[in-house]
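Trainee: Structure in structure tokens, see below.
What follows is calculated from the coordinates using simple rules that are stated; it is not laboratory data. Nothing here was measured: the structure is a model prediction, and the numbers come from that model. Cβ placement follows ideal geometry from the backbone for every residue including glycine, while neighbour counts extend to all protein chains displayed.
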Amino acid sequence: MLKELHKMGRRGPQVPVSGLEDRPISEILPKEFLREEPLSMPELSEVEVVRHFVNLSNLNYGVDNGFYPLGSCTMKYNPKINEEVAAWFQDIHPALPENRVQPLLELLYTLQQDLLEITGMDAITLQPAAGAHGELTSLLMAKAYFKDHGLLEKDTVIIPDSAHGTNPASATMAGFKVVTVKSDEEGLVDLEQLKALVNDHTAVFMLTNPNTLGKFEKNILGIAQLIHGVGGLMYCDGANLNGMLGWARPGDMGFDFVHLNLHKTFSTPHGGGGPGSGPVAVKKALEPFLPKPVLVKAEDEDGDGSYHWDYDRPRSIGKVRSNFGNILVALKALAYIKSLGGAGLREVGTMAVLNANYMRVAMEDTLPTAYPGLCKHEYVATAEEVKKRYGVKAQDIAKRLLDKGFHAPTMYFPLIVKEALMIEPTETETKENLDAFVQAIKEIVEEAATNPDVVLSAPHDTPVRRLDEVKANKELKVRW
Ligand SMILES: *Cc1c(COP(=O)(O)O)cnc(C)c1O
């Protein structure tokens, strides 16, 4: 039977496993591992199973259903052609020898070169499986770098108070102390406080640029000089690259390393936590510490242009993920980059910023921005005034948006903004959609004034009404 399965299965091993194929499984496995009773399986017809899953999927809300302005998550439309390209490679086994997968390695290498061009960096790894994983990988590299240079006093990472929660978590996991620097009234790093915090213990300054308020750090060159002045490293959380794609590069701003969220900036549906890819690009000084193996091209005199996994990396921090990374996400990113080209990527950055500013201004008299002025790809509105006047909170507004057919924005983040609604429209929305969302916000704030109960008890039209979120978190039901 195994033999038959091997022959039939597209994904089955091509060569029979020796000794297994001719004997029944009950003779091969030790007696104590064999089941005594037949396995109790639900008996369902195909149509029942199909209906069950189609109905479940109809309850889901994604970018393909409608507007999804989840700030900092860059929930842009994902072109279907990218899925198709990635699917060509889905059956490749990660353990196949290099010489059998040269075309795949060439594609991954091409992506690496493109990402280096986009970030202005010198070397890169595609291994980390998400943004947070890229942060941890980077900080482990920083640790190895300081150890290698005998700089053992470098034990502190400085992080702005507007940062994503993963930043301090990653720094702590990598064994650093974390110090927080405040934001100034513009939503940028408070330079005076930063100067006071920087000293010989400063290992890394982790900065999200543009930051989670959608603000570009205009003092970046001065900050880099300050940090480099004490021998520290500049790390860019590049999750918000969409806000400057094609216009500015972390490598030109004094950053020594950066992680990208391929699943945000370069397409891949990632609602609900996956799948992701968080490549880390570095300057020359950090290259020896990249996770191994590193994908290289044999290009010197004896080189034949072939691609190899280089394991001979004595100072590498080692492997951070099984196999070679989330290759299918990487391939989607490559398809995205190649189908848009340089000019297209620059237009992505342009339109992302234009759309965000269009909405920001259109909403300003209803839900003002916490830090006024031009933004990049996103902005953070505050419902503080609405709460004071009508007792309606940011969360109530977010719930009422669901009734109006929109996904809610990111809420209560960053922590420095009271009653925060963080809105990122992305470049793939039409003006009609942006207008419709602004209109919905205006209607909700009007309702808050005239009939607050309808907002306070929202959502009314969703499959489940308002959840007790504490209970839902504590008693997580992952199956029915
Ligand atoms: C999304 C995000 C992260 C974390 O990325 P994951 O892929 O979710 O791990 C880190 N920083 C910022 C600013 C982000 O928006």
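Trainee: For the range 110-228, with only Lys/Arg (+1) and Asp/Glu (-1) charged at the beta-carbon, what is the dipole magnitude about the Cα centre, in debye rounded to 20?
Mentor: 260 debye
Trainee: Let me ask something else. Within a Cβ distance under 9 Å of Gly131, other residues only, what is the Lys/Arg minus Asp/Glu net charge? Can you show the working numbers first?
Mentor: Working: positive: Lys264; negative: Glu135, Asp237.
Residues near Gly131 contribute -1 overall.
Trainee: Can I get the semi-axes of the range 83-338's equivalent ellipsoid? Compute them from the C-alpha gyration tensor as square roots of 5 times the eigenvalues, in angstrom, largest first.
Mentor: 31, 20, 15
Trainee: Looking at the square roots a ≥ b ≥ c of the eigenvalues of the Cα gyration tensor of the range 226-301, which shape do they give, rounded for a/c under 1.5, prolate if a/b is larger than b/c, or oblate? Numbers along the way, then the final one.
Mentor: On the way: a/c = 1.85, a/b = 1.18, b/c = 1.57.
Oblate shape, in that a/c is at least 1.5 and b/c is the bigger or equal ratio.
Trainee: In percent, how large is the relative contact order of the range 341-460, given Cα pairs closer than 8 Å and 6 or more residues apart?
Mentor: Details: 181 pairs, mean separation 36.1, N = 120.
Rounded, it is 30 percent for the range 341-460.
Trainee: Could you list Arg360, Arg51 so that the one with the fewest beta carbons within 10 Å of its beta carbon is first and the one with the most is last?
Mentor: Arg51, Arg360
Trainee: Follow-up question, since we're still on this one. Pull up all non-local amide H partners of Gly238: gap of 5 or more, or a different chain, and H-to-H distance under 5 Å with H placed in the peptide plane.
Mentor: Here His259 satisfy the definition.
Trainee: As I understand it, the dipole of the range 341-460 uses +1 on the Cβ of Lys and Arg and -1 on the Cβ of Asp and Glu, about the Cα centre. Which of Ala440, Tyr358, Thr382 lies farthest toward its positive end?
Mentor: After comparing all options, I get Thr382.
Trainee: While we're on this one: What FRET efficiency would be calculated for the residue pair Glu186, Arg346, taking the C-beta separation as r and a Förster radius of 22 Å, to the nearest 0.05?
Mentor: About 0.25, to the nearest 0.05.
Trainee: Among the lysines, select those whose C-alpha is under 21 Å from the C-alpha of Lys319, and discard any that sit fewer than 8 residues away in the same chain.
Mentor: Within reach: Lys143, Lys147, Lys283, Lys284, Lys292, Lys297.
Trainee: Something else: Let a ≥ b ≥ c be the square roots of the eigenvalues of the Cα gyration tensor of the chain; is it rounded (a/c under 1.5), or, if not, prolate (a/b larger than b/c) or oblate? Numbers along the way, then the final one.
Mentor: Details: a/c = 1.84, a/b = 1.15, b/c = 1.60.
It is oblate, given that a/c is not under 1.5 and a/b is not larger than b/c.
Trainee: Among Asn242, Gln225, Ala142, which residue has its Cα furthest toward the positive end of the charge dipole of the chain, with +1 on Lys/Arg Cβ and -1 on Asp/Glu Cβ?
Mentor: Final value for the positive-end residue is Ala142.
Trainee: Dipole magnitude of the range 13-116 about its Cα centre, charges +1 at Lys/Arg Cβ and -1 at Asp/Glu Cβ only, in debye to the nearest 20?
Mentor: Here the range 13-116 has a charge dipole of around 360 debye.
Trainee: Per 0.36 nm of contour for each residue apart, how much would the distance between Gln439 and Gln113 grow if the chain were fully extended, relative to their Cα-Cα spacing?
Mentor: 113.0 nm
Trainee: Continuing with the same structure: Taking other Cβ within 10 Å of each residue's Cβ, how do Phe216, Phe255 sort, fewest first?
Mentor: Neighbour counts put them in this order, fewest first: Phe216, Phe255.
Trainee: Among Pro30, Ala86, Pro210, which residue has its Cα furthest toward the positive end of the charge dipole of the chain, with +1 on Lys/Arg Cβ and -1 on Asp/Glu Cβ?
Mentor: Pro30
Trainee: Moving to a separate point now. Report, as a whole number in µm² per second, the diffusion coefficient that Stokes-Einstein gives for the range 341-460 at 10 °C and 1.306 mPa s using the Kirkwood radius over alpha carbon pairs. Walk me through the numbers before you get to the answer.
Mentor: Details: Rh = 14.6 Å.
For the chosen part, D equals 109 µm²/s.
Trainee: If R0 is 25 Å, what FRET efficiency do you get for Trp88 and Asn58 from their C-beta distance, rounded to 0.05?
Mentor: Once rounded, the FRET efficiency stands at 0.30.
Trainee: Within 10 Å of each residue's Cβ, count the other Cβ atoms and sort Thr382, Thr110, Thr450, Thr137 from fewest upward.
Mentor: Least to most surrounded, the residues fall as Thr450, Thr110, Thr382, Thr137.
Trainee: To the nearest 20 debye, what charge dipole does the chain have about its Cα centre, counting +1 at the Cβ of each Lys and Arg and -1 at the Cβ of each Asp and Glu?
Mentor: Roughly 620 debye, rounded to the nearest 20.
Trainee: Let me ask another. Starting from the Cα gyration tensor of the range 64-151, take the square roots of the eigenvalues, sort them a ≥ b ≥ c, and report rounded, prolate or oblate (rounded when a/c is under 1.5, otherwise prolate if a/b is larger than b/c, else oblate). Write out the running numbers ahead of the final one.
Mentor: Values: a/c = 2.24, a/b = 1.21, b/c = 1.85.
Taking the square roots of the gyration eigenvalues as a ≥ b ≥ c, the range 64-151 is oblate.
Trainee: For the chain, calculate the relative contact order in percent as a whole number, restricting contacts to Cα pairs under 8 Å that are 6 or more residues apart.
Mentor: 19 percent
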